[in-house]
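*Asks:* Pasting in a structure now, in structure tokens, and then I'll have a few things to ask.
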Amino acid sequence: MEIFDLDSVDKTEEGFTSFLHDLCENLELDYATYCAVNTVSDQVIGFTTYDDAWKEHYTSQRFQNIDPTLHLPMRSIAPIDWQRLREHRDFDRVFEHARDFKIKDQGLSVPIHGPYGEVGLISVTRDCSLGTWEKLRKNVITELQTAAVSLHDTVMQSDTLGYALRRPQLSSRECEVLQWTAAGKSQIDIGVILTISSRTVEVHLRSARSKLSALSTPQAVGRAIGMGFIQPK
């Protein structure tokens, strides 16, 4: 199959992990990892081709909280070669452990910024000489970017994994305020109806806009309706 064709992939963690294995085989890479984080709700999903021993050690050491190959690329809009991260204070801290599991500190991370406030990331590694790596990176970066976008889009459309990332957590009061806003009530009206100040209404609206990654209150209302938090009026 084409390395970025996910039409026939089972839309489960096992299916997506299998896709990463195929990606490594097609592009002559050692390991590949995909993760996605909703930066608003802090929901996280991920899967990888790394061995279970390294996954367990990585988690037990809580490297996910400090790993620069995870956090720094998520702040970027362009792929980042790990060569650029070597000066980060936590780089050696993570990879002095990774080397014990025969994992090379040579890799590339490709970020994907999605429409629901989520950030996806595909990271790949290859144990080879620097010269070979530079040639390989140039040869595969376009395919990796295409694969990253395709995989992230497919994950977001999947019933379980995508739902966890797409759906923020609104409070009951935020839903009430949005519902009355959808009915055409002003902030002053809503304050009277809910027996709270108009300033508190604005606080709830601001929080709802942030959680829904909306730039305006009408956009927040539209997204809340689309996600089933409130009913259209």
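*Asks:* Over region 163-215, with every protein chain in place, what whole percent of the accessible area is carbon and sulfur at 1.4 Å, could you tell me?
*Replies:* Its accessible area is 54 percent carbon and sulfur atoms.
*Asks:* Would you kindly calculate the mean projected area, averaged across all directions, of the convex hull enclosing the Cα atoms of the chain, in square nanometres?
*Replies:* Averaging across all directions leaves 14.7 nm² for the Cα convex hull.
*Asks:* What does the accessible area of TRP82 come to, in Å² to the nearest 10, when a probe of 1.4 Å is used?
*Replies:* Roughly 10 Å² of TRP82 is accessible to a 1.4 Å probe.
*Asks:* According to the Cα gyration tensor, what semi-axes, each the square root of 5 times an eigenvalue, does the equivalent ellipsoid of region 17-95 have, listed from largest to smallest in whole Å?
*Replies:* 20, 16, 16
*Asks:* What relative contact order, as a whole-number percentage, does the chain give when Cα pairs under 8 Å and 6 or more residues apart are counted?
*Replies:* 20 percent
*Asks:* Sum -39500 (n - 2.57) across every DSSP H segment of at least 4 residues in the chain, then divide by the residue count to get the 222 nm mean residue ellipticity, nearest 500.
*Replies:* So the helix-based figure for the chain works out to -15000 deg cm²/dmol.
*Asks:* Still on this structure: Could you give the spread of the C-alpha atoms of region 10-143 along their three principal axes, from largest to smallest, in whole angstroms?
*Replies:* 40, 31, 29
*Asks:* How much length is gained if the chain between THR200 and GLN157 is pulled fully straight, taking 0.36 nm per residue apart and subtracting their Cα-Cα distance, in nm to one decimal?
*Replies:* Residue separation times 0.36 nm, minus the Cα-Cα distance, leaves 12.0 nm.
*Asks:* With a 1.4 Å probe and every protein chain left in place, work out the accessible area per residue of the chain in Å², rounded to a whole number.
*Replies:* Using a 1.4 Å probe on heavy atoms only, each residue of the chain averages 53 Å².
*Asks:* Output the peptides 96-103, 64-71 sorted from most to least packed, where packing is the average of other Cβ atoms within 10 Å over each peptide's residues.
*Replies:* The densest-packed peptide leads the list: 64-71, 96-103.
*Asks:* If you don't mind, there's one more thing I want to ask. Identify all lysines with a Cα-Cα distance to LYS211 below 27 Å; exclude those on the same chain that are fewer than 8 residues away in sequence.
*Replies:* Cross-link targets: LYS11, LYS185, LYS233.
The values are calculated or read from the model by the stated rules, or taken from the named source; none is laboratory data. These figures come from a predicted structure and were not determined experimentally. Counting neighbours? That spans all protein chains shown, and the Cβs are built from the backbone with ideal geometry, glycine included. Just so you know, the surface numbers come from the protein's heavy atoms only, side chains and all, with ligands and any DNA or RNA stripped out. Shrake-Rupley method; radii C 1.70, N 1.55, O 1.52, S 1.80 Å.
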